[in-house]
Amino acid sequence: MTSISGPLAVLGSGEYTPAMDATDRALLAALGRPHPRVALIPTASGLEPGGPQHWNGMGVRHFDTLGVEAVPVPFATRADADTPAVLDALRGADLFYFSGGNPEHLVESLHGTQAWAMVTAAHAAGAAIAGCSAGAMMLGAHTIRVRAVAAGQPPRWIAAMGVVAPLVVMPHFDRMSGFIGAELFRSILASAPVGAQLVGVDEDTALVRLSPGRPWQVSGRQSVSLIAPDGTTTVYHVGQQLPV
């Protein structure tokens, strides 16, 4: 994997909303670039009718309020990944922002593509990557197969893109057990891959690392939970640093 040097953020929810204003400003400031450019990557919602257009529209409006240029990337499926339109939209970006949807679809759409190679090369050179919900799950070491769980199958994991490995991100953490039920929630925790560090990120909350030499820190409105292999949970609040 390409060495990592740019800022990183994994969000539990709230991309392109005022809840993430402070987080996004911190990411942009950490870049140290006078006129940063954001690439909005809606691929996780590519299987949802109108999903990419919805998220890209929100992203343009959000970053406009922050005084920053945001470019919608026309990247809905793997078939789009290496097209000139996508590569041109990614080229020269300072912050790559992956919005929510289906993490399995996102991982499948990125593996082995020129688009992902461009993102990781830019990140190694100092560009930032942010991922929200499915976008955050994609950045981890592994991600749950959401389609299988939704179909009533036992929890199954696939290798994700590994940018924040060994972290495995569980977004919407404050509401997750309510979404899927306590029994399935416990089953997901118990089935986590060996060596994975499970991290639960609440809604409207982010876990941010502004440079490789700095610690991960909680930003946003709620909290982040580190989950030990025995299920023990340690909660960290806004402004606190995590020992990972």
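Since every read-out is calculated from the coordinates, none of them should be taken as a lab result. The model shown is predicted, which means the values in this text are computed figures rather than measured ones. Cβ atoms come from the backbone with ideal geometry, glycine included; neighbour counts cover every protein chain shown.
Numbers for the structure displayed
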{"quantity": "Some residue of segment 136-151 being within 15 Å of Gly6 (Cβ to Cβ) and in contact (Cβ under 8 Å) with a residue 60 or more places away in the chain", "calculated": "yes"}
{"quantity": "Residue count for segment 1-31, restricted to those that are of a type in the set (A, V, I, L, M, F, W, C), closer than 21 Å to Val73 by Cα and in a loop (DSSP other than H, G, I, E, B)", "calculated": "0"}
{"quantity": "Residue in segment 126-147 that is in a helix (DSSP H, G or I), among the small types (Gly, Ala, Ser) and surrounded by fewer than 24 Cβ atoms within 10 Å (Cβ to Cβ) present", "calculated": "no"}
{"quantity": "Matching residues, segment 158-178, being surrounded by fewer than 18 Cβ atoms within 10 Å (Cβ to Cβ), of a type outside the set (Val, Ile, Thr) and touching a His at 6+ places or on another chain (Cβ under 7 Å)", "calculated": "Ala159"}
{"quantity": "Selection count where residues are of a type in the set (Lys, Arg) and in a loop (DSSP other than H, G, I, E, B), scope segment 179-209", "calculated": "0"}
{"quantity": "Flag if Arg186 is over 17 Å from the mean Cα position of the chain (by Cα), over 17 Å from Ala228 (Cα atoms) and surrounded by fewer than 19 Cβ atoms within 10 Å (Cβ to Cβ)", "calculated": "no"}
{"quantity": "Among the candidates Ser219, Ser225, Ser211, residue that is among the polar types (S, T, N, Q) and under 16 Å from Gly140 (Cβ atoms)", "calculated": "Ser225"}
{"quantity": "Some residue of segment 73-83 being crowded, with 22+ Cβ neighbours inside 10 Å, in contact (Cβ under 8 Å) with a residue 12 or more places away in the chain and hydroxyl-bearing (Ser, Thr, Tyr)", "calculated": "no"}
{"quantity": "Failed item in (1) in a loop (DSSP other than H, G, I, E, B); (2) within 21 Å of Glu15 (Cα to Cα); (3) touching a Ser or Thr at 6+ places or on another chain (Cβ under 9 Å), with Pro212 passing the rest", "calculated": "(2)"}
